[in-house]
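The values are calculated or read from the model by the stated rules, or taken from the named source; none is laboratory data. Nothing here was measured: the structure is a model prediction, and the numbers come from that model. Methodologically, a virtual Cβ is constructed for each residue, glycine included, from the backbone with ideal geometry; neighbour enumeration extends over all protein chains shown. Just so you know, the surface numbers come from the protein's heavy atoms only, side chains and all, with ligands and any DNA or RNA stripped out. Shrake-Rupley method; radii C 1.70, N 1.55, O 1.52, S 1.80 Å.
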Amino acid sequence: MCRNITALRGLEPPATPEEIQAAALQYVRKVGGLTAVSATSRSAVDEAVAEIAAATTRLLERLPERKAPPKSVPPLRRPEVRARIAAHEAAHAAGREHTHEHT
């Protein structure tokens, strides 16, 4: 199993759509050999991620309950990852504000 994809079955609270989407993106990037998603591959990647996320959601709904939670915590539940995402989003928002001030 790819080390970057975390087990989602058996989480409490259950896996969120955001966590399922992130796992699907990691899968697509790994299988596609992509370190980043370019403009030319964006459409294909987005479509594949949507399909895999939908299949993953159905799978998690249909599997029996897990007796023990997964051994690792999904990245989106880790405080350091959430902080990194928030910092990235804040920097992106600041860049957009700065661009709008000069237009």
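Among the residues making up region 4-20, those that are part of a helix (DSSP H, G or I) and open to solvent by 90 Å² or more (accessible area, probe 1.4 Å) are PRO17, GLU18. Each residue in region 52-78 was checked for being assigned to a loop (DSSP other than H, G, I, E, B), without any contact (Cβ under 8 Å) to a residue 40 or more places away in the chain and open to solvent by less than 80 Å² (accessible area, probe 1.4 Å), and 1 pass. With surrounded by 11 or more Cβ atoms within 10 Å (Cβ to Cβ), in a helix (DSSP H, G or I), touching a Leu at 6+ places or on another chain (Cβ under 8 Å) and free of Cβ contacts under 8 Å to residues at least 24 places away in the same chain as the only criterion, which of VAL28, VAL45, VAL49, VAL81 stands out? Answer to the check: VAL45. Whether any residue in region 87-103 is open to solvent by 90 Å² or more (accessible area, probe 1.4 Å) and in a loop (DSSP other than H, G, I, E, B) is what I want to check. For region 87-103, residues open to solvent by 90 Å² or more (accessible area, probe 1.4 Å) and in a loop (DSSP other than H, G, I, E, B): present. As a summary of the residue check, ALA23 satisfies the conditions (1) more than 24 Å from PRO69 (Cβ to Cβ); (2) surrounded by 14 or more Cβ atoms within 10 Å (Cβ to Cβ); (3) in contact (Cβ under 8 Å) with a residue 12 or more places away in the chain except for the one numbered (1).
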